[in-house]
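The structure under discussion appears below in the form of structure tokens.
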Amino acid sequence: MSRRLSKKEAIALFSSAKELAKALGISKSAVSQWPDGPIPDNHDLRIRYELKPEHFQPGTAEALGRMEGK
């Protein structure tokens, strides 16, 4: 598997921490407790394969790089 999403990247995919939490079925407080680095594996996998798979098709790595400011 490629590297896990960072908290910043995950929030950007959903426009806000509140919307990310809602999509994952967890509290906004739970999202805020994540470290600034990679998010937990189970949430990363849900986002990649269930909630936002269209963002992880071949060729979209460049888009994630732009989200990070690279």
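The values are calculated or read from the model by the stated rules, or taken from the named source; none is laboratory data. Bear in mind that the values here come from a model prediction, so they are computed numbers and not experimental data. Glycine gets a Cβ as well: all are built from the backbone with ideal geometry, and neighbour counts include every protein chain shown.
Would you pick out the residues in region 30-39 that are loosely packed, with under 13 Cβ neighbours inside 10 Å and over 12 Å from Ala17 (Cβ atoms)? Break it down stepwise before answering.
Going residue by residue through region 30-39, those that are loosely packed, with under 13 Cβ neighbours inside 10 Å are 32-33, 35-37.
Within region 30-39, Pro35, Asp36, Gly37 qualify.
Looking only at helices (runs of 4 or more DSSP H) that fall completely inside region 1-46, which ones have 2 or more residues that are over 8 Å from the mean Cα position of the chain (by Cα) and over 20 Å from Gln57 (Cα atoms)?
Details: elements: 7-14, 17-24, 28-33, 41-46.
Filter on region 1-46 gives 17-24, 28-33.
Among the listed residues Gly25, Gly69, which satisfies the condition of being at pLDDT 95 or above, on the phi > 0 side of the Ramachandran plot and either aliphatic (A, V, I, L, M) or loosely packed, with under 12 Cβ neighbours inside 10 Å (or both)? Break it down into steps so the answer makes sense when it comes.
Details: Gly69 fails: at pLDDT 95 or above.
The conditions single out Gly25.
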